[in-house]
Structures are given as C-alpha cells and as structure tokens.
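Please read the structure below before turning to the comments.
The values are calculated or read from the model by the stated rules, or taken from the named source; none is laboratory data. Here the structure is a predicted model, which means the values were calculated and not measured. Quick reminder, even Gly has a Cβ in these numbers, built from the backbone with ideal geometry, and neighbours come from all protein chains shown.
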Amino acid sequence: MNWDTPPLLFALGATRALGERVAARAGLPLAALEEREFEDGEHKTRPLESVRGRDVYVVQSLYGEPSASVNDKLCRLLFFVGALKDAGAARVTVLAPYLCYARKDRKTKPRDPVTTRYLAELFEAVGSDCVVTVDVHNLAAYQNSFRCRTEHLEARPLFVDHFAALAAQGDWVVVSPDAGGVKRAAAFRRALAQRLGRALDSGLMEKRRSGGVLSGARCYGEVRGRGVIVIDDLVSSGATLVRTARACRAQGARAVYAAATHGLFAANAAETLCDPALDRLVVCNTVPPLRLAGSPAAAKLTVLDLAPLLGECVRRLHEGGSIVELTELPE
C-alpha cells in the first residue's frame, strides 16, 4: 500500500448524506460509484474509478427503513466490498456507524442463533480487512466475533460536550437504565465529572424482561431535587427510557434528560417518547430519525453529528496512526 496516495472513500446511497460529511471532515472527495437496480429486485454496485493498490473506506450504516430493509443494506455492502477486493483494493475498511444484529450476541434460549458471529463471518468471507462501528451493544462480543481487525468508536465525547453547560448548573446524577449499561454510564459520568472539575453521583434503574414484558420500577440512587441524565447505547421503542424517566420523577427528580447513540425509534416510539416525564433526548446521526418526523416527540430531539469523529478515524487509520485517544476512558 502506498501511504503517500490518499485513500478512497465511498458511501452507498442509503448513507450518502453522512458519507459526504465524513469525506469533507477527512479532506477527501467522495469517490464515484454506480448502484444499479434490476427489474427482478437484484442489484449491483461497482466503483467508477480504479481502486487497485488503494486504501479504501466504505460508509454504510446498517439500519432498516421503509425503502430498504437492514438485510438489503447488508447485502449491498457485502457485495460491494467483494467487488472492491476483486478489483485489486489493497485494504477495504467498512465504516458501519450502526452495526446490525449486534444485539443478538449470545444464546438466551435453547438453539438460539449467535447472529453477531455469523455477521462477522460474512464480512470476513468477502474480504473485509477492518470493520469500524460506533457504540456497539456488547463490545466484548463484537471484538471476539471478528477475526479481521475491528475498531470501536464511542460517542461519549460528543455527549460530554453537549451536556457540560447544562450540568455545570445545579446538581445532576447520571443514571443507567439497566444493569447491562452500568459501565457505559460510569464512563460518561467520569468524563463529564472530569470536564466539570467536580464529582457526579450515579444511579441504576431496576429492570427485568421476560417474554418481551418489562418490569421493575425502582431507581437506585439519590435523585430527589436533582437533574438526571440517562445514558444508553440505543433507543428502539423508547419504553426503557420512559420507564426510567417516570421512576426518577416519582422519586423527586426535577428534570430528566436522556442520551443514546443510536435512535432506531421502532414500534410506537413516537408516541412513547411524548411522555412528559422525559424532557429531552439526544442521539447521534448513525440512524436518521425518520420515524419521529412530524411527531410531537421530534420537538424533544437533538441530533449530534458523528462525521468529525468518523473523518478523523479515516485519517488516522490511513496514516497508520492510533485511534485510542478517540475512545480511551479518563482515569
């Protein structure tokens, strides 16, 4: 690979808007490609410039939407990676800000699939050299499923920047909506406390799930008279966040804000998130908030741009540099 030659950055159609911003932040033009549809529903995607011997990056966020299912997007991405390798690309790095099937990372019932591992095998089979994602649901499962190189970015610095001014006024508590998110919430609390130069308390929401039914109504931690920031990796139906907000309000919290990297907003999220217990919700643009468009819940929403983080990641990976400082935790 020629390190003096700039990398090529492609973005498939569904993620082109984000790809354009990533390219601008990386100081690159977005490389040209052809996506062609056939009458029977099949398709092909090919680069329109030579990739031989080049360092190539492909942006595609793997979420479902009305015009294209998650499987459609995954299939297109895999075929394009294969085409790049067949065309002689020296290295192909997949930038998947939202990685599909990352929640199915272990067997929870007899004969369950471990879909995260199967996904990894598909990426490896077409020749992916590196896969980069943001705030994956289970980091250990992600790292252990892949045999090719993986990199993991976190949106925590963006959330710290966003909440620093708010948390500087008054007394605030950082709450995890379930036991699985305790480490994530603790990392955010430490980073925000470091920015503010003072300690912040933490809390934990009781949560049990059986047969798709959530239960548990107690928030452990002192929230009375304080503002609460709830931290999670994703919002799907919004039920978990709203349960947490209601519990905090019932125990005397004066305000409840929430932040989650990925806003999927499935099912009845638009109606659920209208609940007055939740004041504001902050997400990143790994998934466009399509399902909230036009709903009252959209007025509560703030969307942060991950393009600077992804652009810097491309630059550092191409130059052989480290991205540790983009993700490392404060002591």
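In segment 89-120, the qualifying residues are those that are more than 12 Å from the chain's Cα centre (by Cα) and closer than 30 Å to SER50 by Cβ, and the one that is surrounded by the fewest Cβ atoms within 10 Å (Cβ to Cβ) is ALA90.
Every residue, every condition in (1) touching a strand residue (DSSP E or B) at 6+ places or on another chain (Cβ under 7 Å); (2) touching a residue at least 40 places away in the same chain (Cβ under 8 Å); (3) of a type in the set (Gly, Ala, Ser); (4) not assigned by TED's automatic domain parsing to the domain that holds ARG195, yes or no:
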| position | (1), (2), (3), (4) |
| --- | --- |
| PRO110 | no, no, no, yes |
| VAL131 | yes, no, no, yes |
| PHE163 | yes, yes, no, no |
| GLN169 | no, no, no, no |
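For segment 128-162, the candidate set comprises residues that are among the aromatic types (Phe, Trp, Tyr) and within 22 Å of VAL182 (Cβ to Cβ); within that set, the residue that is surrounded by the most Cβ atoms within 10 Å (Cβ to Cβ) is PHE159. For the residues LYS85, LYS183, LYS104, the requirement of being out of contact with any Cys (no Cβ under 6 Å at 6 or more places or on another chain) and part of a loop (DSSP other than H, G, I, E, B) singles out LYS104. If you go through segment 116-145 and keep only what is out of contact with any helix residue (DSSP H, G or I) (no Cβ under 6 Å at 6 or more places or on another chain), at pLDDT 95 or above and in a loop (DSSP other than H, G, I, E, B), you end up with ASP129, ASP135. Kindly establish whether PRO276 is over 28 Å from ARG218 (Cβ atoms) and of a type outside the set (D, E, K, R). No. Restricting the search to segment 257-282, which residues are of a type in the set (Val, Ile, Thr) and surrounded by fewer than 24 Cβ atoms within 10 Å (Cβ to Cβ)? THR272, VAL282 - these are the residues of segment 257-282 that are of a type in the set (Val, Ile, Thr) and surrounded by fewer than 24 Cβ atoms within 10 Å (Cβ to Cβ). If we keep just the residues of segment 162-180 that are over 19 Å from the mean Cα position of the chain (by Cα) and part of a helix (DSSP H, G or I), which is modelled with the lowest pLDDT? So, considering only residues that are over 19 Å from the mean Cα position of the chain (by Cα) and part of a helix (DSSP H, G or I), the one modelled with the lowest pLDDT is ALA179.
Among the residues in segment 79-86, are any closer than 17 Å to PRO288 by Cβ, of a type in the set (Lys, Arg) and surrounded by 14 or more Cβ atoms within 10 Å (Cβ to Cβ)?
Going through segment 79-86, the residues closer than 17 Å to PRO288 by Cβ turn out to be none.
Looking for residues that are closer than 17 Å to PRO288 by Cβ, of a type in the set (Lys, Arg) and surrounded by 14 or more Cβ atoms within 10 Å (Cβ to Cβ), one finds none in segment 79-86, hence no.
Yes/no per residue for (1) in the same structural domain as TYR101 (by TED's automatic domain parsing); (2) part of a helix (DSSP H, G or I); (3) closer than 24 Å to VAL132 by Cα:
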| residue | (1), (2), (3) |
| --- | --- |
| VAL228 | no, no, no |
| VAL242 | no, yes, no |
| ALA253 | no, no, no |
| THR261 | no, no, yes |
| ALA277 | no, no, no |
| THR286 | no, no, yes |
| ALA298 | no, yes, no |
| CYS313 | yes, yes, yes |
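Taken over segment 28-63, the criterion of being farther than 27 Å from VAL136 by Cβ and of a type in the set (Gly, Ala, Ser) is satisfied by ALA32, GLY41, SER50, GLY53. The lone criterion from (1) surrounded by 21 or more Cβ atoms within 10 Å (Cβ to Cβ); (2) touching a Gly at 6+ places or on another chain (Cβ under 8 Å) left unmet by LEU30 is number (1).
The single condition among (1) assigned to a loop (DSSP other than H, G, I, E, B); (2) touching a helix residue (DSSP H, G or I) at 6+ places or on another chain (Cβ under 9 Å) that ARG111 does not meet is (2).
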